[in-house]
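Step one of this worksheet: look at the structure below.
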Amino acid sequence: MGFTCGLVGLPNVGKSTIFNALTQAGAESGNYAFTTIDPNVGVVDVPDPRLDTIEEFVAAKKKVPTSMQFVDIAGLVKGASKGEGLGNQFLANIREVDAIAHVVRCFDDDNIPHVMDRIDPAEDVDIINTELQICDLESLEKRQIKLAKLARSGDKEAKQQAAVIDQLVATLSEGKPARICQFDRGDDQIFFKSLNLLTAKPVLYVCNIQDSDETEGAHAQAIRSLAKAEGAETVTLVGKLENEIMEITDPEERKIFLEEMGLEETGLNRMIHAGYQLLGLATFFTVGDKENRAWTIKQNSKAPQAAGKIHTDFEKGFIRAEVFHFDDLVEYKSEQAVKEAGKMRLEGKEYVVKDGDILHFRFNV
Ligand SMILES: Nc1nc2c(ncn2[C@@H]2O[C@H](COP(=O)(O)OP(=O)(O)OP(=O)(O)O)[C@@H](O)[C@H]2O)c(=O)[nH]1
Ligand SMILES: [Mg+2]
């Protein structure tokens with residue numbers, strides 16, 4: 001399945017609460033630090049109103065949304081990179097994910113203890129980011145020593161890689177994340193990726209705020225501006241409320257509840273969409289007969305790769321794809337009309353699939 005977003009943050013900030021709202025998995029959440037030890041993994045449907053629209057124009061027995069994975073990881077504390085609070089184990093859990101949703105406590109509640117006994121979201125973020133940086137620095141410094149030896153003996157590749165490491169070490173030593181480093185050479189980019197650094201993973205800040213009226217309260221604002229400086233996105237939500245919303249199983253009732261709260265979309269949906277973007281994903285659709293279905297690919301994937309999502313045989317035996325866009329369907333209101341308007345194209349192996357494309361594959365088995 002692959003695309004995984006990890007919930008990361010200090011203990012007791014609401015990670016499991018948000019995870020439960022996302023997945024209805026009923027993971028343990030408690031009013032004390034380190035409630036979570038082993039990561040909780042859950043698959044989450046990606047809400048996509050386009051599937052409802054498609055249903056109006058193309059009949060099918062059912063509709064199937066696409067999904068992504070969230071992992072609820074144990075809280076990190078200061079000193080995690082030195083093993084504090086099982087830090088090494090938890091950092092290893094973070095290494096497994098493709099992107100990080102950094103959950104920050106922006107709510108005041110005297111009943112919920114904070115591990116540092118104060119509410120200071122920007123400082124909280126700094127503690128976590130520092131631990132990730134130290135962890136990366138330590139692994140890079142080990143590599144640096146080995147590579148320096150090889151480079152001195154004249155190994156060209158080692159020399160090049162040592163230069164990459166040096167740049168990363170310099171950046172991290174300034175307290176900055178590895179993800180801001182740019183490398184021009186393809187080989188350097190591949191090497192950088194292979195290091196799988198924690199601070200190279202894309203980050204989204206999730207502010208767990210007091211209540212929905214406080215969208216831009218001072219705490220959330222502090223995080224928003226810090227995120228902006230890093231080029232990262234911020235989502236604000238009320239973890240506790242999101243859970244209550246998700247407990248309403250009837251979609252109509254839920255809608256009424258949201259309207260009463262003055263909310264257009266749940267914070268959770270905004271978070272899922274932001275996570276999906278963060279992972280660099282795009283959605284294409286297959287329609288008709290059995291199901292109207294959304295599928296996930298990496299942005300800029302080509303048609304055969306998209307076909308491979310449905311079945312490996314589709315990729316191996318790929319001949320062509322019939323392609324039109326969701327917007328064409330909305331404009332012409334039926335597949336037949338799209339065809340008659342000349343908007344249905346035949347594309348080959350090199351076609352780069354766009355978000356919102358509707359595809360029919362032709363293949364040989
Ligand atoms: N007031 C308030 N309390 C919340 C909110 N979200 C979570 N909590 C409470 O905060 C406590 C900790 O929540 P968890 O979801 O277990 O926190 P966690 O980050 O998973 O904690 P660890 O697993 O220990 O790292 C629980 O008592 C929650 O009910 C919120 O939005 N507002
Ligand atoms: Mg937890």
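The values are calculated or read from the model by the stated rules, or taken from the named source; none is laboratory data. All values derive from a computational prediction rather than experimental measurement. Note that we place each Cβ from the backbone using ideal geometry, even for glycine, and neighbour counts take in every protein chain shown.
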Which pairs turn up if I take residues in the stretch 1-26 that are among the basic types (Lys, Arg) and look for partners that are not in a loop (DSSP other than H, G, I, E, B) with beta carbon separation below 6 Å, at least 6 apart in sequence or on another chain? Lys15/Leu7; Lys15/Asp72; Lys15/Val103
Any idea which residue in the stretch 1-45 is nearest to Val97 (Cα to Cα), counting only those that are assigned to a loop (DSSP other than H, G, I, E, B) and among the aliphatic types (A, V, I, L, M)? Met1
Exactly one of Leu278, Leu226, Leu241 is in contact with a strand residue (DSSP E or B) (Cβ under 7 Å, 6 or more places away or on another chain) and not basic (Lys, Arg), and that residue is Leu278
Considering only residues that are touching a Phe, Trp or Tyr at 6+ places or on another chain (Cβ under 6 Å) and among the aliphatic types (A, V, I, L, M), look in the stretch 24-45 and name the one that is farthest from ligand 1 (Cβ to nearest atom). Val44
Taking Gly14 as meeting all but one of (1) within 12 Å of ligand 1 (Cβ to nearest atom); (2) at pLDDT below 90; (3) touching a strand residue (DSSP E or B) at 6+ places or on another chain (Cβ under 7 Å), write down the number of the exception. (2)
If a residue has to be of a type outside the set (A, V, I, L, M, F, W, C) and either within 16 Å of ligand 1 (Cβ to nearest atom) or outside any helix (DSSP H, G or I) (or both) to count, how many in the stretch 46-61 make the cut? 3
Can you report the number of residues in the stretch 204-248 which are over 16 Å from Phe19 (Cβ atoms), assigned to a helix (DSSP H, G or I), within 16 Å of ligand 1 (Cβ to nearest atom) and not aliphatic (A, V, I, L, M)? 4
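Each row is one residue, and each column tells you yes or no for (1) of a type in the set (D, E, K, R); (2) free of Cβ contacts under 8 Å to residues at least 40 places away in the same chain; (3) in contact with a helix residue (DSSP H, G or I) (Cβ under 8 Å, 6 or more places away or on another chain); (4) surrounded by 21 or more Cβ atoms within 10 Å (Cβ to Cβ).
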residue: Leu168; (1), (2), (3), (4): no, yes, yes, yes
residue: Leu172; (1), (2), (3), (4): no, yes, yes, yes
residue: Phe183; (1), (2), (3), (4): no, yes, yes, no
residue: Ile209; (1), (2), (3), (4): no, no, yes, yes
residue: Thr236; (1), (2), (3), (4): no, no, yes, yes
residue: Asp250; (1), (2), (3), (4): yes, yes, no, no
residue: Ala274; (1), (2), (3), (4): no, no, no, no
